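To start, the structure under review is shown below, and the notes come after it.
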Amino acid sequence: MRAHQAAAKMAPPSPDASSSDSPATGPAREESLTQIAADLATISANMMSKADKTDLLAEIRAVIREEVMEVRRDLTALERRVEELEAERAQIIQHRQATDTATTRQGNVLLELRRNLEDLDNRGRRNNIRVRGLPETAGEALPELLLGLFTHILGDRAPADFGIERAHRALRPVSAEGPPRDVICYLLSYSLKDEIMREARNQQNLTYMDAQISLYQDLS
């Protein structure tokens, strides 16, 4: 009796509740399940198999191995080129050292030759006297002028013949306002030349033809 009364007190069921489809069991759920199944099928189709992965890894390893081999070949070629350049550099250094040594040797030889030439030249000039201050005139006869000068220097000890083999003025342009050019003369007798030079040094103020005269060794 009480159960019947409780059932009578409950609200009557809605007329739409029994007639409409629930979301959990209706077409929307079926469509969602269909989409999920399609997505799973797509994912499964896109997923690589174990064999495909193995092949891909093998291909990647092959590419890496080839790249490494190429790098090694480049390094080997580079090392070979470096060795060649080092060998060329060593040859250049050796050649330069040999050239420097030869140049130094040749320079020493040339210097010695120059000294020998200067010595020979000075030996050839050892009988020369350079006369400075002797007046310069047109058409002058230098041997006669020198004969008079040397006789003036030696006085009573002057020989009859001074043995003047040659005489000439210094080879420079004539200057109308400047001093006269030096006279260089060669005497056959070195002892006579030395006597003239010594006597000229003893005379403090040597004058001749109203000119101050100086005598010097004629050296190169």
Task: Residue (of GLN212, ALA138, GLY178) at the positive-pole extreme of the chain, dipole from beta-carbon charges - done: GLN212
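With all pairs of different alpha carbon atoms counted, what Kirkwood hydrodynamic radius in Å does region 53-124 show? Kindly include the intermediate steps, with their values, before the conclusion.
Values: mean 1/r = 0.0560 Å⁻¹.
Answer for region 53-124: a Kirkwood hydrodynamic radius of 17.9 Å.
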Open item on the list: Please list 3J(HN,Hα) in residue order for region 178-183, calculated via the Karplus relation 6.51 cos²θ - 1.76 cosθ + 1.60 where θ = phi - 60°; whole Hz, with x for glycine and proline.
Closed with: x, x, x, 5, 5, 10
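Let's see if you can work this out: charge +1 on each Lys and Arg Cβ, -1 on each Asp and Glu Cβ, no other charges. What is the dipole magnitude of the chain about its Cα centre, in debye to the nearest 20? The partial results should precede the final answer.
Working: 29 positive and 35 negative charges, 118 e Å.
For the chain, the charge dipole is close to 560 debye.
Provide the three semi-axes, in whole Å and in decreasing order, of the ellipsoid equivalent to region 126-217 as defined by the square roots of 5 times the Cα gyration tensor eigenvalues.
Working: eigenvalues 86, 43, 29 Å².
Largest first, region 126-217 gives 21, 15, 12 Å.
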TODO: Between THR137 and LEU117, take the C-beta separation as r, use R0 = 35 Å, and let me know the FRET efficiency to the nearest 0.05.
DONE: 0.50
TODO: Would you calculate the separation in nanometres between label points at LEU75 and GLN94, each defined as 7 Å from the Cα along the Cα-to-beta-carbon direction?
DONE: 3.0
Open item on the list: Across region 124-172, what fraction of all alpha-carbon pairs, as a whole percent, falls in each successive 10 Å bin from zero upward?
Closed with: 20, 57, 22, 1
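Using only alpha carbon pairs under 8 Å that are at least six residues apart, calculate the relative contact order of region 126-217 and give it in whole percent. Show your work: numbers first, answer last.
Numbers: 130 pairs, mean separation 43.5, N = 92.
Over region 126-217, the number comes to 47 percent.
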- [ ] Quickly estimate the mean residue ellipticity at 222 nm for the chain, helices only: each DSSP H run with n ≥ 4 gives -39500 (n - 2.57), and the total goes over all residues, rounded to 500.
- [x] -21000 deg cm²/dmol
Open item on the list: With every atom except the alpha carbons ignored, what do you get for Rg and Dmax of the chain, in angstroms?
Closed with: 62.4, 194
Task: Whole-Å distance, taken between Cα centres, linking region 123-175 and region 195-211 - done: 13
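Since every read-out is calculated from the coordinates, none of them should be taken as a lab result. Just so we're clear, the structure is a prediction, and the values are computed from it rather than from any experiment. Please note: Cβ atoms are built from the backbone with ideal geometry, for glycine as well, and neighbour counts cover all protein chains shown.
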